[in-house]
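Chemist: One structure, as structure tokens, below. Some questions next.
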Ligand SMILES: Cc1cc2nc3c(=O)[nH]c(=O)nc-3n(C[C@H](O)[C@H](O)[C@H](O)COP(=O)(O)OP(=O)(O)OC[C@H]3O[C@@H](n4cnc5c(N)ncnc54)[C@H](O)[C@@H]3O)c2cc1C
């Protein structure tokens, strides 16, 4: 059995863990190890959007430029019924407040590739495959983390950046539940994502906007993806499958995707000539997946394994939760990875200072760490609320009939420039850095 020692152990090399490692090294902190259970990065990609506040944070660790070069500068997010748009977020309106007045459309796998390359430049390598299976406090108040391989790493701080099913959160005994105690929404319980190209490049889909179609409690998303010059345009599509329709296949084939596109997508993308005079088909499915979604937040983001500073301890043995390990919610608005990356980058200076504390500076740095977790938990709660609000508005819009007051209310309100700017502001995270 091999034993290693480090000050900070980061568990998980997803976007959150990688960003945390870069942020710590940027602070000049070198006593870190980052471990990842998978042998290599998968091609599957979940998050597609990086908002302005996250780009600002990524800029502070020198990663924004490389990402912008590889992505598409999205101008807006649009909500439509099956025939026409009725609500828009216009990101250009953010120009007075940020140097990134757009939403960057880029696949999560590319984002992770850029972050890992930056970490490599800083001479830190992800240790993989290394799966954490347990931890316990040792006699010195530090944490012995054990791995499937038999290895043990002793750390003063363990950063759980190991995703929604976080082993670190479970080992620390931290609860994880919907903050409102709400049951899983049946309509959203099952969702599908796929990257596809269409039979005609003239699909009328905007090439720089996220488009959501809402109708009768059903949703359909299209997002343009960066492509190589020689390939056809590629789009990420996404839609909900109600529980009543039974479980979807784990890698839905083209025929399944086409059926849902025709049933709940925009008419101008339909393969049905009775609603679309220029029928279009999905010509190629590059990747597809199903997933379940609900909202949850960890009861605590910080767990002390040693005695707190006020009790005269050195504050040793701390477990921190960041990213999906600490909070999850529906993909509405494309906010989850954004929140995790900002958790991670803002933690860098606080944790580096805490870990480097001497007896005199420890109480002050301990207070900063407490403030950090309180702020990040508040940010997570307000993001969960925002995603729930987006889903309920989309649902009202999708189900309201021509004679309903809601139908006309949202259509009129959605045209007001102030409202369009406000939606962009809320999604950008700039008011909630
Ligand atoms: C379908 C879907 C669409 C989404 N779309 C968007 C979007 O458009 N925009 C957005 O901002 N967010 C989106 N999200 C959310 C986003 O994908 C997550 O918020 C993001 O991946 C969280 O990053 P993370 O690093 O915290 O966790 P993860 O990405 O889950 O990374 C955790 C890492 O920890 C590793 N790990 C786990 N357990 C262990 C262990 N025991 N030992 C060692 N390593 C371990 C895993 O292998 C993994 O690499 C979407 C999510 C889903 C499911």
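The values are calculated or read from the model by the stated rules, or taken from the named source; none is laboratory data. A quick note: this is a predicted structure, and the numbers were derived from the prediction, not measured. We place every Cβ from the backbone using ideal geometry, glycine too, and count neighbours over all the protein chains shown.
Chemist: Just to be sure I understand, how many residues within region 213-236 are touching a residue at least 40 places away in the same chain (Cβ under 8 Å), under 17 Å from residue 104 (Cα atoms) and part of a strand (DSSP E or B)?
Modeler: Within region 213-236, residues that are touching a residue at least 40 places away in the same chain (Cβ under 8 Å), under 17 Å from residue 104 (Cα atoms) and part of a strand (DSSP E or B) number 7.
Chemist: While we're looking at this one, here's another question. Within region 66-97, work out how many residues are assigned to a helix (DSSP H, G or I) and closer than 22 Å to residue 416 by Cβ.
Modeler: 4
So that you can scan it fast, the table gives a plain yes or no per residue for (1) under 19 Å from residue 300 (Cα atoms); (2) more than 15 Å from the ligand (Cβ to nearest atom); (3) in contact (Cβ under 8 Å) with a residue 24 or more places away in the chain; (4) in contact with a strand residue (DSSP E or B) (Cβ under 8 Å, 6 or more places away or on another chain):
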position: 326; (1), (2), (3), (4): yes, no, yes, yes
position: 338; (1), (2), (3), (4): no, no, yes, yes
position: 344; (1), (2), (3), (4): yes, no, yes, no
position: 347; (1), (2), (3), (4): yes, no, yes, yes
position: 392; (1), (2), (3), (4): no, yes, no, no
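Chemist: Right, next: Mind checking which pairs have a first residue in region 156-170 that is near the ligand (Cβ under 7 Å from one of its atoms) and a second that is in a loop (DSSP other than H, G, I, E, B), Cβ under 7 Å, 6 or more apart or different chains?
Modeler: 161/12; 161/14; 161/322; 162/12; 163/12; 163/14
Chemist: Do you know which residues across region 246-271 are touching a helix residue (DSSP H, G or I) at 6+ places or on another chain (Cβ under 9 Å) and loosely packed, with under 14 Cβ neighbours inside 10 Å?
Modeler: Hit for region 246-271 is 249, nothing else.
Chemist: Now for a separate question. For residues that are more than 15 Å from residue 14 (Cβ to Cβ) and either touching a strand residue (DSSP E or B) at 6+ places or on another chain (Cβ under 7 Å) or in contact (Cβ under 8 Å) with a residue 24 or more places away in the chain (or both), tally how many sit in region 128-146.
Modeler: Residues in region 128-146 being more than 15 Å from residue 14 (Cβ to Cβ) and either touching a strand residue (DSSP E or B) at 6+ places or on another chain (Cβ under 7 Å) or in contact (Cβ under 8 Å) with a residue 24 or more places away in the chain (or both): 13 in total.
Chemist: Looking for whichever is near the ligand (Cβ under 10 Å from one of its atoms) and more than 29 Å from residue 194 (Cβ to Cβ) here; the options are 61, 34, 22. Which one fits?
Modeler: Exactly one residue qualifies, and that residue is 34.
Chemist: So which of 217, 238, 212 ends up being within 20 Å of residue 286 (Cβ to Cβ) and surrounded by 14 or more Cβ atoms within 10 Å (Cβ to Cβ)?
Modeler: Among 217, 238, 212, only 238 is within 20 Å of residue 286 (Cβ to Cβ) and surrounded by 14 or more Cβ atoms within 10 Å (Cβ to Cβ).
Chemist: A further question follows. Against the condition touching a helix residue (DSSP H, G or I) at 6+ places or on another chain (Cβ under 7 Å) and surrounded by fewer than 17 Cβ atoms within 10 Å (Cβ to Cβ), how does residue 294 come out, does it pass?
Modeler: no
Results for (1) buried (at least 16 other Cβ atoms within 10 Å of the Cβ); (2) more than 18 Å from the chain's Cα centre (by Cα), shown as yes or no for each residue.
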| site | (1), (2) |
| --- | --- |
| 111 | yes, no |
| 114 | yes, no |
| 117 | no, yes |
| 125 | no, yes |
| 135 | yes, yes |
| 148 | no, yes |
| 159 | yes, no |
| 171 | yes, yes |
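Chemist: Have a look at 38, 7, 54 and point out the one that is assigned by TED's automatic domain parsing to the domain that holds residue 328, in contact with a helix residue (DSSP H, G or I) (Cβ under 7 Å, 6 or more places away or on another chain), in contact (Cβ under 8 Å) with a residue 24 or more places away in the chain and outside any strand (DSSP E or B).
Modeler: Of the residues listed, the single one that is assigned by TED's automatic domain parsing to the domain that holds residue 328, in contact with a helix residue (DSSP H, G or I) (Cβ under 7 Å, 6 or more places away or on another chain), in contact (Cβ under 8 Å) with a residue 24 or more places away in the chain and outside any strand (DSSP E or B) is 54.
Chemist: May I pose another question? State the number of residues belonging to region 360-386 that are without any contact (Cβ under 8 Å) to a residue 24 or more places away in the chain and farther than 16 Å from residue 431 by Cα.
Modeler: Selection size over region 360-386: 8.
Chemist: Given the residues 144, 123, which is the only one that is within 28 Å of residue 29 (Cα to Cα), more than 16 Å from the ligand (Cβ to nearest atom) and not in a helix (DSSP H, G or I)?
Modeler: 123
Chemist: A further question on this structure: Here is a check on your reading of the model: is residue 188 within 19 Å of the chain's Cα centre (by Cα), assigned to a loop (DSSP other than H, G, I, E, B) and at pLDDT below 95?
Modeler: Spelling it out, residue 188 is indeed within 19 Å of the chain's Cα centre (by Cα), assigned to a loop (DSSP other than H, G, I, E, B) and at pLDDT below 95.
Conditions (1) under 19 Å from the mean Cα position of the chain (by Cα); (2) under 21 Å from residue 210 (Cα atoms), marked per residue:
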{"position": "280", "(1), (2)": "no, yes"}
{"position": "291", "(1), (2)": "yes, yes"}
{"position": "298", "(1), (2)": "yes, no"}
{"position": "306", "(1), (2)": "no, no"}
{"position": "349", "(1), (2)": "no, no"}
{"position": "365", "(1), (2)": "no, no"}
{"position": "387", "(1), (2)": "yes, yes"}
